[in-house]
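Quick notes on the structure that follows.
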């Protein structure tokens, strides 16, 4: 074993920023949050396109304690919002690798979220194009902030065209410098 030296690896830290979609495509980010002690769970999401912020939302659920269930509901809620806003081409992003895996293997799944996965399949059939993608947690922070907002306030909310002030920092930190954020003055 003599003569073997551990090589120091030059590890680059990857920069994790949210990348805007191409023209004509809307990116949806969704996430869930749970307050175990209070029995409150919430979903949150944000829709952005090439021109910037389109909308954000959050929904509250009671009695859900399973993180995978709330992540699946977050994706379902995001697709419901996309349909309400008549989005046509959608890329849906989540930081839940298990949800993406179950989506890919959905025909053979007996997972507890199978009914939600089926509903997601029915919803995405309404889009001209749909893709479900796993992203790093750091690039999903805006959706997470929306879910946390709902957990803290215990009420659903919707924001159209202008982002709420509590998302300002996350939107700026999340995006590359060329991406329009649409933060209201004040």
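A few comments on the model shown:
- Put in order of Cβ neighbour count within 10 Å, fewest first, the listed residues 103, 18 become 103, 18.
- With neighbours defined as other Cβ atoms within 10 Å of a residue's Cβ, the residues 80, 133 order from fewest to most as 133, 80.
- Approximate spin-label separation residue 166-residue 133, in nm, with each point projected 7 Å along Cα-to-Cβ: 2.8
- Projected label distance in nm at residue 19 and residue 126, using a 7 Å step from Cα toward the beta-carbon: 2.9
- For region 56-124: rounded, prolate or oblate by the Cα gyration tensor [a/c cutoff 1.5]: oblate
- Extending 7 Å from Cα along the Cβ direction at residue 88 and again at residue 114 yields two label points whose distance is 3.6 nm.
- Cα-based shape type of region 25-173, given that a ≥ b ≥ c are square roots of the gyration tensor eigenvalues and the cut on a/c is 1.5: oblate
- Gap separating the Cα centres of region 75-102 and region 106-173, nearest whole Å: 6
- Fewest neighbouring Cβ atoms within 10 Å first, the residues 50, 75 line up as 50, 75.
- Taking a point 7 Å out from the Cα of residue 35 in the direction of its Cβ, the residues of region 154-169 whose backbone N falls within less than 15 Å of it are 154-157.
Just so you know, all these numbers are worked out from the coordinates, no wet-lab data involved. All values derive from a computational prediction rather than experimental measurement. Using ideal geometry, Cβ is built from the backbone for each residue, glycine included, and neighbour counts are taken over all protein chains shown.
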